[in-house]
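First comes the structure, then the notes that go with it.
The values are calculated or read from the model by the stated rules, or taken from the named source; none is laboratory data. All of these numbers come straight from a predicted model, not from anything done at the bench. Here the Cβ positions follow ideal geometry from the backbone for every residue, glycine too, while neighbour counts run over all protein chains shown.
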Amino acid sequence: MSDWKAPFKRGVSSFRAGNHEDAIVRFSEALKLGGDACTVCDARAAVYQKMGKLKEALRDSKTVIDAQPTRWQGYARSARLFLQIKKFDAASRMVELALERIPSEQTGRRDEMVALQTEIRTSHDNATQEANKLASLRAYHFGKLPVEIAHTMFSMVLADDHAYVVTLAQVCKNWRTSILGTPAYWGTLALSKNNPKRKIKTWRERSKNRIQEIAILQHYPHDSPAHHEELRTLPIKHLRVLRFEEIPLRSIARGIPHDLARIVLDTFGGWPVLRPLSIRADIEWQGNDPTFRCRDLTVSGCKPDWSNLSSRLQDLRTCTLENCLSVQDWPHFLWLLRSNPALEQLSVEGFYPNSYDIPADRDIPPTISLPRLSELRLTSTVPGRLFPLLSLPSLKNLYFVLCRQTLDDALQHLKTGVASTLTTLYIQSASFLPETLLSVLAATTALETLHIIAIGIKTANAILEGLSCPPAPSTAETPPADTPPVRVYCPALRHLDCSHNQDVKGGPLVRIVKWRLTEAERSANCEGEEAGGPVQPVRRLETLVIDGCPQVDPEVLPWLRQNVAVVSCVYMSKKAAGWKR
C-alpha cells in the first residue's frame, strides 16, 4: 500500500499557507492511498469549513463520527458547523456528545466545549429575539381590530378625501377585500376628464347603486353623448349631494338624470344656458320626489338674471360672487342676502351699483340679519353702503380689498358690536383715516390677526404709532361693568402684517413689541386680578411681516427677530431690485 502520509503532510502545509484548494486535493489523495479516515476527514472538514463549504464539511465530520464514534473530535467539529448554519438544537446535542467523550482530566478541552455550549445558547436566544421582532413587524395587527373600529377609521380618512378610497384598496389584499366589500366607501362619484365612463360603471358596481354624492368637475367632457348616457341612467334614490364645478347649465340638463335636471333648471331659471355653473346642493327626498337645496354658490364672470335668481335661492351657506353683478342689481343683491339668513361665508368682488334705490316690490327691511355669517370678503365694491344695512353678530373674519370708496363709514359701523367678535381683519389697497381704524381696534379684544397692506401714505405708520401706546379713554368704547380695562390695543393679537407701506418705520414697530412684552408679562404676573379688578390677558406678537417697507431701519431687525418668533422683511422683490440695478 502506498504511503499516504506524504500527501497528508503536504495538505497540512498548504492549509497553513492559505492554499485551501491544494490542501483539499492533497487530503483527498491521502484518502485514496488508504489514509486514516478519522484523521484525514477531520483535517479536510477543517479546510472545507474555512472555505465556507459547510455541507462538505458536515459530510466529512459525519465520516469521522462513523469511523470512531467513541472519539470527541467529530462531535466538536459538527457542533461548530451546526452553529454556523444556525441549527442550534443539533449544535447543542453535538456539544453534549463531545463532552461525554472527553476524558475528565482534559480540563482545557472540556472548558472549550462548555464555552461553545454557552455561545450556542446565546446565539439561539438572539436569533429567537430577532425572529420575534421580525414576526411582530410582519404581523397583521390591523386584522385583529374589531370591524366597527376599522370601519370608523376608513370612514374618517375618506371623509377628508373621498378619492383616497382607491389608495386604501391598494394597500394589501385584506384591505382591498374590506374596501371593495363595503358599498358605503364608494358613495362619492367625482367625474373629471380621466375615464369618466369607466369610473361611472365601476363606482355604480362597487356602491351597489347607492351613490350618495355626484361631483362633476371642471374638465369633465360634458359634450360627450356617451358619457351623458352612462350618467343619465345612474340610480339617484340614495343621492344626497350634487356638486358642479364650472359646468355649463345646458350640459347639466343633458347629462344628469332627468329628475335632477328638472329641479336644477327650475332653481336656475334665470341662468344663461351656455355659462358655467359652480354649486353644491343638498338633495332631500319626499317620497320619490327630490328637493334641491343649493348650499354653496360660486358665480364668476357671467351676469345672470338676478331679479329671478335671487328669489329662487334660499338655502345658501356659502356664496362667492365675482364680477357677476350688474350696476342695477343692488336691490336684487340685498334680496339675495335677505332670502338666505343661514349664510356663513360671503365674498363679493367687482360690484359698483349706479343706484341704491329699492323698488316697491322688494320688501327689504332696514337691517338684514345674517346671524351665522362668520366670514365676509369685499373686493372692489362698496362696503360703506353695505355695512350699515347688515347685522352680523357672529362675524369673525373680515376682508377689505381694493375698495375705491373710503372705508371710514364701514369701519365706524364695526364699533356698533361687530368689532368685539372679530379674530381676523384684512385691509389691502383701501383708504381711511388712521384714527378711525384705531377706534375700531380699541374694541377688537378677540382680534388675533391684523393685515394693513398698501393702505396709502401717512396712514400705516400713524396706526402703528397708535398701537404702541395705550388706547385713549375717549377712543375706546365704554366696556360693560364686568369687562377688564383695556390697556393694549387688540390684546389677543398674535400676527401683524403691515407690508408694502412706504411710510412704515422701525421705531413704532419696536415700541409695539416692547409694550406688548411688558403688558404680557404684567398680565401673567397678576394672575388675572389686580387692585383695580380683573386684568385683560395680553398675547405676545408671534409673527411680524414688513415686506416692501423701505423706511424700516435694518438695525432694528436683529432686536425684532430676538423678540418675535417670525419676522419677514423683504425690502423689494428680485424683479424690482434687478430693474433698479
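Residues of segment 312-334 being among the charged types (D, E, K, R) and either in contact with a strand residue (DSSP E or B) (Cβ under 7 Å, 6 or more places away or on another chain) or in contact (Cβ under 8 Å) with a residue 40 or more places away in the chain (or both), which ones?
Passing the criteria: Arg312, Asp315, Arg317, Glu322.
When segment 342-359 is examined, which residues are found to be among the acidic types (Asp, Glu) and outside any loop (DSSP other than H, G, I, E, B)? Walk me through how you get there before you give the answer.
Step one: filter segment 342-359 for residues among the acidic types (Asp, Glu), giving 344, 349, 357.
Scanning segment 342-359 gives a single hit, Glu349.
Residues to consider are Leu438, Leu425, Leu450; find the one that is in a helix (DSSP H, G or I) and not aromatic (Phe, Trp, Tyr).
Selected residue: Leu438, the only one of Leu438, Leu425, Leu450 that is in a helix (DSSP H, G or I) and not aromatic (Phe, Trp, Tyr).
For the structure I just gave you, tell me whether Ile149 is among the aliphatic types (A, V, I, L, M) and farther than 23 Å from Phe292 by Cβ.
Yes, satisfied.
Restricting to segment 1-30, name every residue that is of a type in the set (A, V, I, L, M), farther than 15 Å from Ala46 by Cα and surrounded by 15 or more Cβ atoms within 10 Å (Cβ to Cβ). Reasoning before the result, please.
First pass over segment 1-30, keeping only residues of a type in the set (A, V, I, L, M): 1, 6, 12, 17, 23-25, 30.
Narrowing further to those that are farther than 15 Å from Ala46 by Cα: 1, 6, 30.
Ala30 - this is the single residue of segment 1-30 that is of a type in the set (A, V, I, L, M), farther than 15 Å from Ala46 by Cα and surrounded by 15 or more Cβ atoms within 10 Å (Cβ to Cβ).
Return the total of residues in segment 257-311 being polar (S, T, N, Q) and either free of Cβ contacts under 8 Å to residues at least 12 places away in the same chain or assigned by TED's automatic domain parsing to the domain that holds Leu343 (or both).
Of the residues in that region, 1 qualify.
Do we have any residue at all in segment 401-411 that's of a type in the set (Lys, Arg), outside any helix (DSSP H, G or I) and touching a helix residue (DSSP H, G or I) at 6+ places or on another chain (Cβ under 7 Å)? Spell out the reasoning first.
Let us first name the residues in segment 401-411 that are of a type in the set (Lys, Arg), namely 404.
From what's left, outside any helix (DSSP H, G or I): 404.
From what is left, the residues that are touching a helix residue (DSSP H, G or I) at 6+ places or on another chain (Cβ under 7 Å) are none.
For segment 401-411, residues of a type in the set (Lys, Arg), outside any helix (DSSP H, G or I) and touching a helix residue (DSSP H, G or I) at 6+ places or on another chain (Cβ under 7 Å): absent.
Considering only segment 78-97, how many residues are under 11 Å from Leu116 (Cα atoms), surrounded by 19 or more Cβ atoms within 10 Å (Cβ to Cβ) and over 55 Å from the mean Cα position of the chain (by Cα)?
Filtering segment 78-97 down to residues under 11 Å from Leu116 (Cα atoms) leaves 79-80, 83, 91-92, 94-96.
Still in the running and surrounded by 19 or more Cβ atoms within 10 Å (Cβ to Cβ): 79-80, 83, 91, 94-95.
Of the ones still in play, those that are also over 55 Å from the mean Cα position of the chain (by Cα) are 79-80, 94-95.
Within segment 78-97, residues that are under 11 Å from Leu116 (Cα atoms), surrounded by 19 or more Cβ atoms within 10 Å (Cβ to Cβ) and over 55 Å from the mean Cα position of the chain (by Cα) number 4.
How many residues does segment 280-325 hold that are outside any loop (DSSP other than H, G, I, E, B), touching a Lys or Arg at 6+ places or on another chain (Cβ under 7 Å) and among the aliphatic types (A, V, I, L, M)?
Qualifying residue count, segment 280-325: 2.
Table: residues versus (1) among the aromatic types (Phe, Trp, Tyr); (2) assigned to a loop (DSSP other than H, G, I, E, B); (3) crowded, with 17+ Cβ neighbours inside 10 Å.
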residue	(1), (2), (3)
Tyr220	yes, yes, yes
Glu229	no, no, no
Pro235	no, yes, no
Val264	no, no, yes
Leu274	no, yes, no
Leu277	no, no, yes
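Return the residues of segment 320-353 that are within 39 Å of the chain's Cα centre (by Cα), surrounded by fewer than 17 Cβ atoms within 10 Å (Cβ to Cβ) and among the aliphatic types (A, V, I, L, M); say none if nothing qualifies.
Ala342
Being in a loop (DSSP other than H, G, I, E, B), at pLDDT 70 or above and touching a helix residue (DSSP H, G or I) at 6+ places or on another chain (Cβ under 6 Å) is the filter here, so list the residues in segment 511-535 that pass it.
Across segment 511-535, there are no qualifying residues.
Got a sec? Which of Arg204, Arg198 is of a type in the set (D, E, K, R) and surrounded by 17 or more Cβ atoms within 10 Å (Cβ to Cβ)? Don't jump to the end; show me each part of the working.
Values: Arg198 fails: surrounded by 17 or more Cβ atoms within 10 Å (Cβ to Cβ).
One residue alone meets the criteria, Arg204.
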